[in-house]
Amino acid sequence: MTISNEDLLLELFIKGVFVEGESNIYLDLKRQNLQRYKRFDFYFNQYRYSTYMEEMGKTPYKLIQGKLYYYDELLQNIEIKRIEEIDWGSEKPWYIKKWNNLDNEPYELRLNPINICFNLRYITGEKGEFRGCAFCHRVYTHGRNMENRKIISVQEIFNDIFLQEGAEILKNIKKVLIMTGNMNSTKDVLHLCREIYTILENKNYNGVFSISTNQICTEESIKDLSSMDNTIFDYTLEVFDRRKCLMGEQKGYDMHKVIDTLTLARQYFKFIRITYVVGLDSYDSLEAGFTKLKNLGLIDDVVPLIFVPYTPEMKNLRNEDATEIDYYKKVRIFFQNNNLVPLKNGLTKNLFQEDKLNNNEMDGLLETRK
Ligand code: SF4
């Protein structure tokens, strides 16, 4: 049985991989009846991706002594390499993202100063089985212990960055992106942005500054954010359907409010980038949703991340059609036909194969900023 490179990568996201001799779930369970899949990070054609570890018999993929088998057949000519040391970037207060094809040059500084996510207040899922976004890797209530890091100030975070990376590091950074848990209020989010931005300004940072969130929705707050940097409005749309069920009361606000927010953002920002989780909506909803945003002129770029379940229960959230790779291929064609191929590289669950993107830059939007 053979499989193309392209199909293989898609199927690894959907079905996961069994690794011989290892349990596929974390052992540090707080509650023994709940399980959380281990993550499997790998290089595929020299780009980094991530999926989950599955039980034997539930996936056609097996990793045996570093070699990948598909239905018991060794896959020759497939360049796949497991990344043994998993770097939980999302659980550190900061980390620097590097891009393989740029000789590992530093590229993006990610800041994650909030140890908790306020969205975890909300019960989510079809049966109320989750807290916070039902597709989120955090899933603190399932399995792995809560991250164990000290609460430190933004200034301490920067002190640490300069200590470890050198005082001049910001000169090499093209983008500072805040990717952190949701906060209690929009005011708090803006306060955090302002605090970080002031430090950057004082250091004469001249790259792009943005925050990935959907908590900034009013005209006043959008304007305030744009006064720091109006290059990219990084908006976490995530899904079109079942928004409250999957994201909770607060983050899952309805599409009318989404459109109002993006319409305001359009007045103040040069670009609107939308993060979207592929595999939760029906194809029809996805097509209708993006067509509407496109026709209204409310999207410049999409970051399409394939949904990878972190617990067995999460698998049930996937749209029925999205259990087959044809769904993802159809979505790709739709994006291609509508000029929505991502301009950003380095996504670990990218719908588009990184080496097929032909982006010579890490992020096309940044190249057009000045
Ligand atoms: S808001 Fe973000 S961090 Fe919080 S649960 Fe949702 S996806 Fe996870």
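Read the figures in this text as sums done on the coordinates, not as results from a lab. The structure presented is a predicted model; accordingly, all values stated were derived computationally and were not measured. Note: ideal-geometry Cβ built from the backbone for every residue, glycine included; neighbour counts use all protein chains shown.
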Report for the chain the percent antiparallel among DSSP-assigned beta bridges with both residues inside it, nearest 5. 50 percent
Spatially proximal aspartates and glutamates relative to residue 171 (Cα-Cα < 19 Å; intrachain offsets below 8 disregarded): 103, 105, 108, 160, 201, 229, 361, 363, 367
Among 178, 312, 207, whose Cα lies farthest out toward the positive end of the dipole of region 89-367, if unit charges sit on the beta carbon of Lys, Arg (+1) and Asp, Glu (-1)? 312
Taking the chain and a Cβ-Cβ threshold of 4.7 Å, the cysteines left without a partner are 117, 193, 217, 245
For the chain, max minus min Cα coordinate along each principal axis, in Å, sorted largest first? 57, 47, 44
How long is region 149-290 along each principal axis, judged by its Cα atoms, biggest number first, in Å? 50, 35, 26
Counting only Cα atoms, I'd like the Rg/Rh figure for region 226-360, Kirkwood definition for Rh. 0.95
On a full-extension model of 0.36 nm per residue, what is the gain between residue 121 and residue 73, subtracting their alpha-carbon distance, rounded to one decimal in nm? 12.7 nm
Wrap a convex hull around the Cα atoms of region 5-82, take a quarter of its surface area, and give that in square nanometres. 5.3 nm²
Cα-based Rg and Dmax for region 212-281, in Å, come out at 12.0, 35
Selected from 272, 335, 286, residue furthest toward positive end of dipole (the chain; charges at beta carbon): 272
